[in-house]
Amino acid sequence: MSSADRIRLVLAMAGASGSIYAARFLKALMEIPGETWFVASPASIRVFKEEFSTNVETAAQILDFIQEKWKPKKIHTFHFRKFEDIGCDIASGSNIWDGMVVVPCSMKTIAAIRTGITENLIERAADVTLKERRRLILVPRETPYNRIHLENMLSLHDAGAVIAPASPGFYQMPNSLEDLGDFMATRIFRLLGREIDLYPRWLSDKESD
Ligand SMILES: Cc1cc2nc3c(=O)[nH]c(=O)nc-3n(C[C@H](O)[C@H](O)[C@H](O)COP(=O)(O)O)c2cc1C
């Protein structure tokens, strides 16, 4: 995918801590051309409400919240899909998308994708993304990991998914939660083949001389 292409993405939020990562990725996505099918699990909305002290109830309201908070340009088209709707367009591989991102991703959703027991639209769309050999990027957050978590993530890695843990670097001296979110958002875009630098690239002393 070159940066000139319109991006076609499935984006899901599952109920792990780290709503800031989804929020900053969404904010950046709103400013680039393309379209995204957006699904949020009930648990993700609950966590979002806790972490941003807001009273959003739907994926659409999450976008409104981001718009209100950071005022991104609105270029991107979003299609909202219901978590329970396991029969909608993105439940089928006959619809084409470039890749799917689950950010943040809970250990429960990781386990479901790993086993193939897909009981909601996030799990089904991830299953389809893998079977169609499209890019699946999972951004898990839990600590510490137990053996089940680790085995599930290794299996998903071996099945073709990218496990991109929510582990922002601190070597660039982030000043805010937004900086931490932008670090992860930049990494996710790069994994999708997009060079969108929301955060300055690291330059070693030698390179910056
Ligand atoms: C405030 C809060 C924080 C949570 N943080 C995490 C987390 O960091 N990682 C995780 O795997 N689950 C976390 N959970 C638990 C998940 O939300 C729970 O397992 C849920 O069933 C996940 O469902 P989903 O993957 O369909 O969204 C958290 C729950 C709450 C209420």
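The values are calculated or read from the model by the stated rules, or taken from the named source; none is laboratory data. Note that the structure is a prediction, hence the values are computed from the model and not measured. All Cβ positions, glycine included, derive from the backbone under ideal geometry; neighbour counts span all protein chains shown.
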I'd like to check something: does region 172-182 contain any residue that is in contact with a helix residue (DSSP H, G or I) (Cβ under 8 Å, 6 or more places away or on another chain) and among the acidic types (D, E)? yes
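Residues that are surrounded by 14 or more Cβ atoms within 10 Å (Cβ to Cβ), touching a Leu at 6+ places or on another chain (Cβ under 7 Å) and more than 24 Å from L26 (Cβ to Cβ): does region 176-186 have at least one? First the steps, then the outcome.
Within region 176-186, the first condition is being surrounded by 14 or more Cβ atoms within 10 Å (Cβ to Cβ), and the residues that meet it are 177-186.
Add one more test, that the residue is touching a Leu at 6+ places or on another chain (Cβ under 7 Å), and what stays is 182, 185-186.
Keeping just the survivors that are more than 24 Å from L26 (Cβ to Cβ) gives none.
The answer is no, given that none of the residues of region 176-186 is surrounded by 14 or more Cβ atoms within 10 Å (Cβ to Cβ), touching a Leu at 6+ places or on another chain (Cβ under 7 Å) and more than 24 Å from L26 (Cβ to Cβ).
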Pairing a residue in region 192-203 that is of a type in the set (K, R) with any residue that is surrounded by 10 or more Cβ atoms within 10 Å (Cβ to Cβ), where Cβ atoms lie under 8 Å and the two sit 6 or more apart in sequence or on different chains, gives R194/M1; R194/S3; R194/I7; R194/I32
Among the residues in region 156-172, are any on the phi > 0 side of the Ramachandran plot, modelled with pLDDT under 95, surrounded by fewer than 22 Cβ atoms within 10 Å (Cβ to Cβ) and not aromatic (F, W, Y)? no
Exception for I86 within (1) within 16 Å of the chain's Cα centre (by Cα); (2) surrounded by fewer than 19 Cβ atoms within 10 Å (Cβ to Cβ) falls at (1)
Of the conditions (1) surrounded by fewer than 20 Cβ atoms within 10 Å (Cβ to Cβ); (2) farther than 20 Å from I188 by Cβ; (3) more than 10 Å from the ligand (Cβ to nearest atom), A111 fails just one. Which one is it? (3)
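For region 149-166, name all the residues that are among the hydrophobic types (A, V, I, L, M, F, W, C), part of a loop (DSSP other than H, G, I, E, B) and more than 11 Å from I110 (Cα to Cα).
At the first step, the residues of region 149-166 found to be among the hydrophobic types (A, V, I, L, M, F, W, C) are 150, 153-154, 156, 159, 161-164, 166.
Now narrow it down to the ones that are part of a loop (DSSP other than H, G, I, E, B): 159, 161, 164, 166.
A159, A164, A166 - these are the residues of region 149-166 that are among the hydrophobic types (A, V, I, L, M, F, W, C), part of a loop (DSSP other than H, G, I, E, B) and more than 11 Å from I110 (Cα to Cα).
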Qualifying positions in region 131-148 - within 17 Å of V103 (Cβ to Cβ) and either outside any loop (DSSP other than H, G, I, E, B) or among the aromatic types (F, W, Y) (or both): R135, L136, I137, L138, V139, P140
Using beta carbons and a limit of 6 Å, which pairs, at least six apart or on different chains, have the first residue in region 41-57 and in contact (Cβ under 8 Å) with a residue 60 or more places away in the chain and the second one part of a loop (DSSP other than H, G, I, E, B) and within 7 Å of the ligand (Cβ to nearest atom)? S41/A14; S41/G15; A43/G15; S44/A14; S44/G15
